[in-house]
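Note sheet for the following structure.
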Amino acid sequence: MPALPDSLELPEPPSMRWSTIGLLLAIVLLIIASFVSLQLKWQAFFTAGAIQTTVEFLRGFVPPETAAPFLSRIVSATMETLAMSAVGTVLAAIAGLLLSLPASGRFGLPMRTATRGVLNVLRSIPELVWAAILLIAAGLGPFAGTLALAIHTAGVLGRLFADTLENCPPLSEETLRLNGVRPVTAFFYATLPHCSPQMMSYVLYRWENNIRAAAILGVVGAGGLGQMLKYHLSLFQMHQAATVIIAMLVLVCIVDAASFWLRRKMTR
């Protein structure tokens with residue numbers, strides 16, 4: 001075995017470009033300007049009157065409603081919220097995968113630019129706005145909320161999937177294609193298996209986010225726990241609203257734990 005040298009000379013780190021330094025300085029100046037322009041009144045937030053008002057408001061939620069008929073409605077709304085998030089995420093994953101192929105440049109630069117523009121539009125509009133638009137066409141209920149989640153999440157996953165495909169090492173797919181394998185077959189046997197764990201991790205993470213979003217979408221009438229929360233808060237029924245909030249917290253914790261466990265299993 002050859003002897004190792006006493007000291008290894010490390011290469012010099014690359015010098016930082018002036019454009020990078022200028023961009024970082026611009027970001028710092030933007031953050032400082034944001035704090036100055038917002039005029040945040042921290043003192044008013046922590047005054048004795050504000051604290052007393054907050055405490056009195058929170059006391060109205062105690063104790064939560066635990067009547068059996070009401071808990072039955074909570075379970076039904078929780079299942080509806082879970083179903084909205086699951087169906088919306090599955091539809092978004094399928095659409096995101098289809099859009100990620102042209103967005104990753106596999107069909108040329110014009111298709112890449114056009115598809116990424118579509119993805120930017122889909123994910124730049126929040127779920128609440130999509131739900132408000134779709135409620136006009138689909139009416140009140142979980143259908144509009146599910147579509148709103150699917151459309152917004154498709155834009156997010158499509159961008160993440162496209163970046164994953166672009167960063168994937170091309171050697172395996174190129175080797176298969178040089179040996180006569182068709183491009184589609186080479187993609188499914190080489191690139192997609194290599195990228196699928198990362199893609200599935202993105203899908204599970206977005207499922208966690210969609211659980212929270214599905215609970216909020218009910219505020220505009222899209223069904224689920226959010227619709228119950230809006231109804232009881234509008235009538236100042238704080239005890240019932242407290243039970244709905246607790247159900248939201250429990251559902252988010254369960255889905256977070258399940259998603260974390262699945263991500264660890266897949267990445268291993």
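Read-outs throughout are calculated quantities, based only on the coordinates presented, and are distinct from any laboratory measurement. None of the values given here were measured: they were computed from a predicted structure. As a convention, Cβ positions derive from the backbone with ideal geometry for all residues, glycine included, and neighbour counts pool all protein chains shown.
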Inset, instruction - Note down the magnitude of the dipole of the chain about its Cα centre, charges +1 on Lys and Arg C-beta and -1 on Asp and Glu C-beta and zero elsewhere, to the nearest 20 debye. - result: 460 debye
Legend entry - In degrees, nearest ten, helix 224-234 long axis to first principal axis of the chain (Cα): 40 degrees
Legend entry - Table column - 3J(HN,Hα) (Hz), region 20-25, Karplus curve with 6.51, -1.76, 1.60, x for Gly and Pro: 5, 4, x, 5, 5, 5
Legend entry - Rg to Rh quotient for region 129-180, alpha carbon positions, Kirkwood Rh: 1.37
Inset, instruction - Would you mind calculating the gained length between L23 and S196 on full extension (0.36 nm times residue separation, minus the Cα-Cα distance), in nm to one decimal? - result: 58.9 nm
Inset, instruction - Report the label-to-label distance for A44 and S124 in nanometres (one decimal), using points 7 Å from each Cα along the Cα→Cβ vector. - result: 3.3 nm
Inset, instruction - For a quick protection proxy, order the peptides 18-25, 129-136 by their average other-Cβ count within 10 Å, most packed first. - result: 129-136, 18-25
Legend entry - Folded to 0 to 90 degrees: helix 48-59 orientation relative to the chain principal axis, Cα: 80 degrees
Inset, instruction - For region 1-157, just say rounded, prolate or oblate: build the C-alpha gyration tensor, square-root its eigenvalues into a ≥ b ≥ c, call rounded for a/c under 1.5, and beyond that prolate if a/b exceeds b/c, oblate if not. - result: oblate
Legend entry - Translational diffusion coefficient (Stokes-Einstein; Kirkwood radius from C-alpha pairs) of region 63-267 at 10 °C, 1.306 mPa s, in µm²/s: 86 µm²/s
Inset, instruction - Can you bin region 20-67 into rounded, prolate or oblate? Criterion: square roots of the alpha carbon gyration tensor eigenvalues sorted a ≥ b ≥ c, rounded for a/c under 1.5, prolate for a/b above b/c, oblate for the rest. - result: oblate
Legend entry - 12 Å beta-carbon shell around L119, net charge (K/R +1, D/E -1): +3
Legend entry - 0 to 90° range, to nearest 10: angle between helix 192-217 axis and the chain longest Cα axis: 20 degrees
